[in-house]
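See below for the structure under consideration.
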Amino acid sequence: MTIYRLIITEKPSVARQIAEVLGARSKMGAFLQGERDIVSWCVGHLVMLVSAETYDLSYAAWKKEDLPILPASWSYDIRPAVRKQFDAVKGLMLRPDVDQVVCATDAGREGELIFRLVYAMAGCQKPVMRLWIHSMEDAAIRQGFEQLSPSGVYDRLYHAALCRAQADWLVGINATRLFSTLYHKRLVVGRVVSPTLAMLVQREADRQSFASEPYYQVLLDIGFDLKSERMKDKADAEALAASCRGKEVLIQSVRQTERLERAPLLYDLTQLQRDANRQLGFTARQTLDYLQSLYEKKLCTYPRTDSRYLSEDMSDKVRSLVKMAAAIAQAASPVLPALAQVIDSGKVSDHHAILLTGEADAKTVSALPQGEKKIVKLIALRTIQALSPPAKLMETTISADCEGHTFSARFSAVTAPGWRATLNEKIPKAAPEAREGQRLSVQDACSQEGRTKPPASYTEDTLLEAMETAGAGEIP
């Protein structure tokens with residue numbers, strides 16, 4: 001009897017790619033079979049936590065007196081819509097000619113949970129190995145199967161996913177029922193959605209309650225512009241402007257500071273979503289969908305990463321990607337890639353930063369749908385930027401006195417573009433010539449009105465940033 005190894009992926013598309021690499025090309029309904037390997041798949045979550053009334057029929061009626069609902073032990077069931085696929089996977093796991101199972105779901109917390117729940121619900125007790133890969137390139141898949149790890153290595157990841165799922169259930173069931181019974185309408189409360197909604201509501205409340213106030217500044221033209229501090233009274237500003245016309249200003253100080261502006265880090269998922277929203281107008285969901293498609297097409301590495309660094313063993317790979325990324329981004333590649341800026345194994349958790357793969361050449365990218373193409377170009381450009389030297393800027397602050405009032409101007413000039421050479425930006429003018437003690441004639445003076453502005457409404461970009469840092473200042 002031929003003995004098989006069973007490989008379970010998270011999605012059918014991933015199963016097909018892994019099966020192709022392993023030579024399991026015989027389609028057998030819910031799985032693909034080769035000489036020694038069987039490849040099957042989940043369809044996302046096949047197993048779910050049961051509803052509250054499954055624990056006790058009395059919970060079918062929502063009553064505040066029943067809260068909190070805290071299961072003594074957790075129960076699970078098969079999602080009705082995917083029971084057929086679960087039964088197929090279970091049957092494969094229990095086949096007598098299968099002696100080992102490989103968990104090849106997405107290499108992250110949710111992928112681990114999806115597989116473990118199916119394995120447990122199927123009653124399978126066969127040994128499990130874990131495939132952990134960062135890209136869907138053929139070489140990465142082959143290498144991953146050569147370096148399979150015992151499933152127990154990822155027990156903590158599974159427990160973290162299980163804790164998250166159970167916490168979501170507890171918050172969702174109890175808080176939703178509490179607020180719904182208190183206010184006599186269905187009010188859905190969730191661990192993530194409710195705090196996020198609260199942030200949105202608070203921001204809009206702040207905007208609506210904001211009372212815009214006028215302020216005034218005096219602008220002096222002395223060959224370049226100087227501004228006064230803000231003033232509340234229009235008459236005072238106009239009087240100051242009138243008193244300065246035809247007079248001289250005394251340059252009191254000229255302070256110059258050279259500043260290094262470090263290159264931005266490589267992308268993690270959140271930062272890419274933010275930039276794609278700000279620059280391209282994509283929603284966070286669209287960006288993730290495009291990334292997932294690119295990952296499955298073997299053109300980018302694993303999308304759901306929270307790291308912006310690479311591990312030390314990736315130095316050679318990065319060097320080979322630089323020219324390809326430059327061709328895609330239509331930007332000059334750095335002469336000597338600054339690897340030290342992106343290599344730090346200590347800051348790589350489950351996955352490294354998002355990169356293009358060696359298969360994402362310019363010809364392949366040109367054939368992609370527009371949305372995916374734009375995401376590829378963002379990743380390519382960020383790769384070039386992250387490996388480029390810092391930009392050098394000269395910041396100049398000029399302070400002057402006219403009629404006993406202080407006026408100032410600030411200038412920032414790029415002295416060495418570094419990574420900023422990749423940006424299509426207007427180069428700021430250098431600061432004007434000025435020295436301490438110099439007296440310059442006021443060519444014109446006027447009063448300008450401005451108004452204080454409310455906090456801006458959240459965009460997906462700024463909301464993602466706020467969600468990342470939510471509560472950071474709450475704990476002393």
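The values are calculated or read from the model by the stated rules, or taken from the named source; none is laboratory data. Nothing here was measured: the structure is a model prediction, and the numbers come from that model. Accessible surface is based on the protein model in full, side chains and every heavy atom, while ligands, DNA and RNA are left aside. Shrake-Rupley method; radii C 1.70, N 1.55, O 1.52, S 1.80 Å.
When DSSP beta bridges are restricted to pairs lying wholly in the chain, around 75% turn out antiparallel. Under 1.5 on a/c is rounded, so check that first for segment 333-473, then, if it is not, pick prolate when a/b is larger than b/c and oblate when it is not; a ≥ b ≥ c are the square roots of the alpha carbon gyration tensor eigenvalues. Prolate shape, in that a/c is at least 1.5 and a/b is the bigger ratio.
Seen against the Cα atoms of the chain and their longest principal axis, helix 269-280 is set at about 50 degrees. In segment 11-157, inverting the average of 1/r over every pair of distinct C-alpha atoms gives 16.9 Å as the Kirkwood radius.
Taking Cα centroids, how far is segment 136-163 from segment 98-124 in Å? Going from one Cα centre to the other spans 10 Å.
Against the longest principal axis of the chain, how steep is helix 460-469, in degrees 0 to 90 to the nearest 10, with axes from Cα atoms? Taking the Cα atoms of the chain, the angle to 460-469 is about 80 degrees. Over all pairs of distinct alpha carbons, what does the Kirkwood formula give as the hydrodynamic radius of segment 232-290, in Å? About 17.0 Å for segment 232-290. In sequence order, segment 300-310 has phi-based couplings of 9, 7, 4, x, 7, 10, 10, 9, 10, 10, 10 Hz under the Karplus curve 6.51 cos²θ - 1.76 cosθ + 1.60, θ = phi - 60°, and Gly or Pro positions carry x.
In terms of its C-alpha gyration tensor, the chain has an oblate overall shape, because the principal axis ratio a/c (a ≥ b ≥ c, square roots of the eigenvalues) is not below 1.5 and a/b does not outweigh b/c. Over the chain, accessible surface divided per residue gives 53 Å², non-protein components excluded, 1.4 Å probe. Apply the a/c threshold of 1.5 to the C-alpha gyration tensor of segment 172-284 and tell me whether it is rounded, prolate or oblate. Cα axes put segment 172-284 in the oblate bin. Under 5 Å from the amide H of CYS42 lie the amide H atoms of THR9, GLU10, LYS11, each residue being 5 or more positions distant or on a separate chain, with H modelled from the backbone and absent for Pro and chain starts. Output the 0 to 90 degree angle, nearest 10, between the alpha-carbon long axis of helix 193-209 and the longest principal axis computed from the alpha carbons of the chain. Helix 193-209 and the main axis of the chain meet at about 20 degrees.
When the solvent-accessible area of the chain is split by element, carbon and sulfur atoms take up 52 percent of it, the probe being 1.4 Å.
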